[in-house]
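Undergrad: Following this message is one structure expressed as structure tokens.
The values are calculated or read from the model by the stated rules, or taken from the named source; none is laboratory data. Keep in mind that this is a model prediction, so the values were computed, not measured. In this analysis, Cβ positions are derived from the backbone assuming ideal geometry, glycine residues included, and neighbour counts consider all displayed protein chains. Please note that ligands, DNA and RNA were not included when accessible areas were found on the heavy atoms of the full protein model with its side chains. Shrake-Rupley method; radii C 1.70, N 1.55, O 1.52, S 1.80 Å.
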Number of protein chains: 2
Amino acid sequence: MENKGILIVVSGFSGSGKGTIMKRLLEKYDNYALSISATTRSPRPGEEDGREYFFRTVEEFEKMIAKDELIEYAKYVDNYYGTPRAYVEEQLQSGKDVILEIEIQGALKVKEKFPETLLLFVTPPSAKELKNRLVGRGTESMDVIEFRMNRAKEEAEGMDCYDYLIVNDELEVCVEEVHRIIQGEHRRSFRNAAFIEYMKEELKGE
Amino acid sequence: MENKGILIVVSGFSGSGKGTIMKRLLEKYDNYALSISATTRSPRPGEEDGREYFFRTVEEFEKMIAKDELIEYAKYVDNYYGTPRAYVEEQLQSGKDVILEIEIQGALKVKEKFPETLLLFVTPPSAKELKNRLVGRGTESMDVIEFRMNRAKEEAEGMDCYDYLIVNDELEVCVEEVHRIIQGEHRRSFRNAAFIEYMKEELKGE
């Protein structure tokens, strides 16, 4: 079977715990790599170039855009954020499954460029639980709650576009489920076209 | 999430061990049901109506065809074989994943009628191993080998139509893989449309 890694995009409701799931997945299994984003924002204390982000100037970033060196990018407020293609492709070629944590607009762009991308959407187990998390513990201002609600509405509109819904109820159970889903995906026929061709050729030879 | 079972069609190269895998899967986990075929052939000694097959007369079988009570059927030599719809739907409704062991023509017919059907194709780990199994231990007649080879060629042509390739190298490992793939499939977005709608509705209410 093929040894190339799978490109995985993870999105999900705010507060769904997607970051924690991915962190745990990388701790437990060494066949995953987390994509590192490039950004034009300034490093915060303790952040290192090439670890949290690739820190770039606006000129450098725009050169990357022009040379099609980013899988996707977006501008938030005044800063660019994007996914450098080279690192991702390197990791995929070496057999690692590469995880990108991005939002729906970026996810759909990646899927368009790389149709074999696996899209995962992380959600709490129920709408009630989602609402609880959005409303918080009664300490949030109405503004914050409204902002979260609107964002969640937008996010929910995109759920159908994702391949799998990852239900985050218990962290360890969820991490195992994500791992199994990704490993299962390696067995998809369309990801093993070379193996199928090889079988056909071998049988034709007789 | 939804509790309805998944309809699963299993095909594979002769000698791929698909029957053994499914038997083991049913022994290990109680969330699976094996579909029982109807046939017009006579019961062999030890076979029981409703266990190995539903034994029917030609008249009865043709009445089932006319009333669209079969998901798929085919005629081999002089006997009809088919999959009764009622049993399958009952099991799916009760939450069981229902397994159908049929060949490619039947598999594609089922997929057409029920687009959410999961198609699994069982294969040895390599073309070399497949050839070894087809050629046998040198005790087979040329006729038998040729028959197997031709059939394998036909079977290989359909591999692309299946959702997953199940590589049967070690039985227990393979059974676990099949189980994980099927359980993972329960998390596919398109199998959880009601959950997604529910989320959207809940968020709209705010």
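Undergrad: I want to confirm something. Restricting to the range B:194-206 and keeping residues that are more than 8 Å from chain A (Cβ to nearest Cβ) and free of Cβ contacts under 8 Å to residues at least 12 places away in the same chain, which single residue is nearest to B:Gly15 (Cα to Cα)?
TA: Only one residue tops the list, namely B:Glu197.
Yes or no, residue by residue, for (1) of a type in the set (A, V, I, L, M, F, W, C); (2) part of a strand (DSSP E or B); (3) farther than 26 Å from B:Leu203 by Cα:
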site: A:Met149; (1), (2), (3): yes, no, no
site: A:His179; (1), (2), (3): no, no, yes
site: A:Ala194; (1), (2), (3): yes, no, yes
site: A:Leu203; (1), (2), (3): yes, no, yes
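Undergrad: Follow-up. Can you tell me which residue within the range A:164-186, out of those that are open to solvent by 30 Å² or more (accessible area, probe 1.4 Å) and closer than 15 Å to A:Ile8 by Cα, is nearest to the other protein chains (Cβ to nearest Cβ)?
TA: Among them, the one singled out is A:Arg180.
Undergrad: Among the residues that make up the range B:3-19, is at least one of them among the aromatic types (Phe, Trp, Tyr) and open to solvent by 70 Å² or more (accessible area, probe 1.4 Å)?
TA: Checked the range B:3-19: no residue is among the aromatic types (Phe, Trp, Tyr) and open to solvent by 70 Å² or more (accessible area, probe 1.4 Å).
Undergrad: I'd like to verify a number: residues in the range B:148-174 that are over 17 Å from B:Ile104 (Cβ atoms) and over 18 Å from the mean Cα position of the chain (by Cα), how many?
TA: The total comes to 4.
Undergrad: Criterion first (in a helix (DSSP H, G or I), more than 7 Å from every other protein chain (Cβ to nearest Cβ) and within 19 Å of the chain's Cα centre (by Cα)) does A:Arg133 satisfy it?
TA: no
Undergrad: Could you please find all residues in the range A:24-45 being open to solvent by 60 Å² or more (accessible area, probe 1.4 Å) and out of contact with any strand residue (DSSP E or B) (no Cβ under 7 Å at 6 or more places or on another chain)?
TA: Hits for the range A:24-45 are A:Arg24, A:Glu27, A:Lys28, A:Asp30, A:Ser42, A:Arg44, A:Pro45.
Undergrad: Now a separate question. Given the options A:Ser141, A:Ser126, name the one that is under 25 Å from the mean Cα position of the chain (by Cα), among the hydroxyl-bearing types (Ser, Thr, Tyr) and either open to solvent by 30 Å² or more (accessible area, probe 1.4 Å) or farther than 30 Å from A:His179 by Cβ (or both).
TA: A:Ser126
Undergrad: Another question, then. Any chance you could count how many residues in the range A:70-98 are open to solvent by 70 Å² or more (accessible area, probe 1.4 Å), among the charged types (D, E, K, R) and under 29 Å from A:His179 (Cα atoms)?
TA: Looking only at that region, the number is 2.
Undergrad: Could you list all residues from the range A:144-153 that are in contact with a helix residue (DSSP H, G or I) (Cβ under 7 Å, 6 or more places away or on another chain), open to solvent by 30 Å² or more (accessible area, probe 1.4 Å) and either of a type in the set (S, T, N, Q) or more than 8 Å from every other protein chain (Cβ to nearest Cβ) (or both)?
TA: Within the range A:144-153, A:Arg148 is the sole residue that qualifies.
Undergrad: Given the criteria touching a residue at least 24 places away in the same chain (Cβ under 8 Å), more than 7 Å from chain B (Cβ to nearest Cβ) and part of a helix (DSSP H, G or I), does A:Phe190 qualify?
TA: Yes, satisfied.
Undergrad: Within the range B:154-163, identify whether any single residue is more than 18 Å from B:Leu119 (Cα to Cα), open to solvent by 50 Å² or more (accessible area, probe 1.4 Å) and at the interface with chain A (Cβ under 9 Å from one of its Cβ atoms), and answer yes or no.
TA: no
Undergrad: Another one. Which of the residues belonging to the range A:187-206 are among the polar types (S, T, N, Q) and surrounded by fewer than 19 Cβ atoms within 10 Å (Cβ to Cβ)?
TA: A:Ser189
Undergrad: Looking at A:Leu120, is it away from chain B (no Cβ under 11 Å), out of contact with any Gly (no Cβ under 6 Å at 6 or more places or on another chain), under 15 Å from A:Leu7 (Cα atoms) and open to solvent by less than 60 Å² (accessible area, probe 1.4 Å)?
TA: When the stated conditions are applied, A:Leu120 does not pass them.
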